[in-house]
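These notes are about the structure you will find just below.
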Amino acid sequence: MSGSSDSAPGPLPIRRLQESVINRIAAGEIIHRPASALKELIENCLDAGATSIRITVKEGGMKLLQIQDDGCGIRKSDLPILAERFTTSKISNFSDLSKLTTYGFRGEALASISYVANMTVTSKTKSDSCAWKACYSDGALVPAKEGASAEPKAAAGTDGTTIAVENLFYNTPTRLSALRGSAEEYARILDVVTKYAIHNPHVAFTCRKTSSNTPDVSTPSGSTVPQAIRHLYGPTIAKDLLYATVSHTEEEDRNGSDDATSWSAEAHFTNANYHAKKTVFLLFINHRLVESAHIKKALEGIYIGILPKGTSPFIYLSMQLDPSSVDVNVHPTKREVHFLDEEAVIERICNTIQESLVAQSSSRAFDYQTLLTGGSSRDAKGKGKERRLIEEEGDESRSGSSTSASTPAVKKILSQHKVRTSQKDRTLDSMFPVMAPSQVTGQGGAPVSQDDDTPPVRTQRKIKEIERSECYLMSVRELREEITKSQHQHFTEILQNHIFVGIVDVHRCLSLVQHAKKLYLVNHGVLAEELFYQLGLRQFGNFRRIKLDPPPPIKSLISLAVEVEEGLQRTTLNKEQVTERITAILMDQREMLVEYFAMHISEDGLLESIPLLLGDYTPNLDKLPLFLMRLGPQVDWTSEQECFSTFLRELAYFYVPEPLLPEASPDEDSEGVGKAVAWQIQHALFPAFSRYLVPPKTLLDRDVVEVANLPDLYRVFERC
Ligand code: ADP
Ligand code: MG
């Protein structure tokens, strides 16, 4: 269909083509990868009451993803509309579903799959005498073979439904190329199957590759959650599992306020004896597998001080919430969930888990309780009292007073013990022992000065300490670790103890610094870019803001940059479309941008704030349009870690004190600006280099050139 209209001229056919492309793109937004399609298909089987679910995969699910269940089946008369958007048989709990899955899953899963793959459904209800088979494309029935009728055909089959998804993303090459290769996609599929198998131990699951007869996941029906965990994650985890439940009923709300909600939670989690490299976290809310960085972080927090540093627990948490209190928040790769009274609910769950960990691990209880009492003086009477306190506070927050009034008090216990343990952590700061200025200047050798009026100044360390934010996202931790790993020791030393001599060339970003007896020409632009990247990671999720007043519309800013951009010939889109596209991407990511990067874009597209990376340093706002424009193509919005690192790289690039136009004519105005820039470079940037920058090994040769040294010390300061 799309092939024939390709060459047709005129506006009408082109418009049609775009519409089908848009449908595909929309479907691609919902179905990210084979594993996300599978998740929807599994949920449908479970909704259909299946007791056995068999999954077959070819090439990581990109060639074939087949799922067979023994559920209620689909009536023949329903087959024609099955893959139309918004068709669902789940009317009674439709609102529940829509609350949990606002990102398009209201009878949209099968429709979406049919837009990006060849889908075949074979189904038989108990009352049918045979199964019926139907093929779908772009939301509608299509013939299995060219020329044949599209009507469902009688076929052999047992009770239940088999759905085969073939050639996923065959018509969306970009989405296809964003996938990671069949091994990794298969691993993600196994992960989804494994998690659903744990949550549904009464259902038998199997998952295998077409090329193999032995399944990679195979569970019996009728087991229990701990049995399933043992089966799928191994006996090591299973023997160290603890169990806890918490619930909250409306009656507990003494004043019965309107937003009172009932909820319950059930958790299986490892004790102090078990530790793994990465946290395994399974979260089901109302039986849907979801993600919540927030809950994960809170749970991991309990284990700090219980587990050896750098190790993590296994946690399975299943929560049942009033569906009307659940909301889904869009994240680059995942669907993150938020719900009403989140803080209070998480607090209750954490405390319950904490108690059971403490009670279980008597040998470690002493340590742990010390931390607890250290954090809170009202814990003297033990558990019973603590629980009451927490419940009171929970009530308070529900009865209308702000949650912030109650949660910090409870939180204190947790965060206090976080603080205590994190003091032992090796931080970036610990690599920067502060040296007395005399230690450096005392080594003699008059610093070289360019200008008699401005004698060389040892850079000040008066700047306010920039705290490293607590972050439990694995992706961010790994990025932070990468910095530490690639640290160049010798250059760290130089930067820590350098003396700023002067700026040589503002446009080419060159400055002179002295270290001991040597003089170095450094590219402060390159250093600054690295510094700002690192400051971005350091403050991840906890930035101060630069408020823009009045807030400019992002679309106009992007349009400004797009207008002057010359590399657009390669795309078929005109400038307006490019602007629209980039604006849409940023609007889509609004919630993530404000949560993690303090980059606040209002609902109507105004840029309210940008993150402040370094006090006393304001980025050149002339670069703002370019920054926003580059966020479109330069940031990889599809994978969490890449998204964060590419975003932070762009942010850093924006912050670099490089003039926008390399050889701007030196009029009076720009001279004033130049002075301000020079001031920032000397008084904000260079002190921050010595304080925060962990120079990577890659920098030295290119960007730091030794220009002079005293020959008699040459041997001692040999370059590496
Ligand atoms: P939703 O699950 O939100 O209703 P879907 O697009 O996932 O939307 O499914 C559409 C409808 O197709 C379902 O409501 C259900 O009636 C039917 N269906 C899908 N998969 C199955 C299955 N495995 N067994 C029985 N019915 C199914
Ligand atoms: Mg569904």
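Readers should treat all values here as calculations from the given coordinates under stated rules, not as data from a laboratory. Computed from a predicted model, the values in this text were never measured in an experiment. Because the Cβ atoms are built from the backbone with ideal geometry, glycine has one as well, and the counts that use them run over all protein chains shown.
List of remarks:
- Potential extension, GLU595-VAL564 segment - 0.36 nm per residue separation minus Cα distance: 8.1 nm
- Cross-link check: pairs LYS555/LYS623; LYS63/LYS126; LYS309/LYS697 evaluated at a Cα-Cα cut-off of 19 Å; pairs beyond the cut-off: LYS63/LYS126; LYS309/LYS697.
- Charge context of GLY157, other residues only, Cβ under 15 angstrom, K/R +1, D/E -1: +3
- Taking amide H atoms as placed 1.01 Å from N in the peptide plane, the amide H of LEU282 lies under 5 Å from those of ILE315, TYR316, LEU317, each 5 or more residues away in sequence or on another chain.
- Stretching the chain fully between SER221 and ARG208 yields a gain of 3.0 nm (0.36 nm per residue, less the alpha carbon separation).
- Shown in residue order for region 530-543 are the 3J(HN,Hα) couplings computed by the Karplus curve 6.51 cos²θ - 1.76 cosθ + 1.60 at θ = phi - 60°: 5, 4, 5, 4, 5, 5, x, 5, 4, 9, 3, x, 8, 8 Hz (x for Gly and Pro).
- Distance in nm between pseudo-label sites at ALA148 and SER264 (7 Å out along the Cβ direction from Cα): 4.9
- Long-range amide H partners of VAL504 with built H, under 5 Å: LEU510, SER511, LEU512
- Here the peptides 69-78, 521-530, 214-223 are ranked by packing, the mean other Cβ count within 10 Å, and the order with the highest first is 521-530, 69-78, 214-223.
- Full extension of the chain between LYS297 and GLU470 gives 61.3 nm of extra length, using 0.36 nm per residue less the Cα-Cα distance.
- Local electrostatic count at CYS207 - Lys and Arg +1, Asp and Glu -1, tallied over other residues with Cβ under 9 Å: +2
- Of the residues PHE269, PHE205, the one with the fewest other Cβ atoms within 10 Å heads the list, and the complete ranking is PHE269, PHE205.
- Whole-Hz couplings from phi, Karplus 6.51/-1.76/1.60, listed for region 40-46; x for Gly and Pro: 5, 5, 4, 4, 4, 4, 5
- Amide proton proximity set for ILE546, modelled H, under 5 Å, gap of 5+: ILE610, LEU612
- For ASP191 and VAL705, a Förster radius of 45 Å and the Cβ-Cβ distance give a FRET efficiency of 0.40, rounded to the nearest 0.05.
- The ranking of LYS485, LYS153 by Cβ neighbour count inside 10 Å, starting from the fewest, reads LYS485, LYS153.
- Residue order, fewest to most beta carbons within 10 Å, for THR194, THR698, THR618: THR698, THR618, THR194
- HN-Hα J in Hz across region 231-236 - Karplus 6.51, -1.76, 1.60, θ = phi - 60°, x for Gly and Pro: 5, 9, 10, x, x, 4
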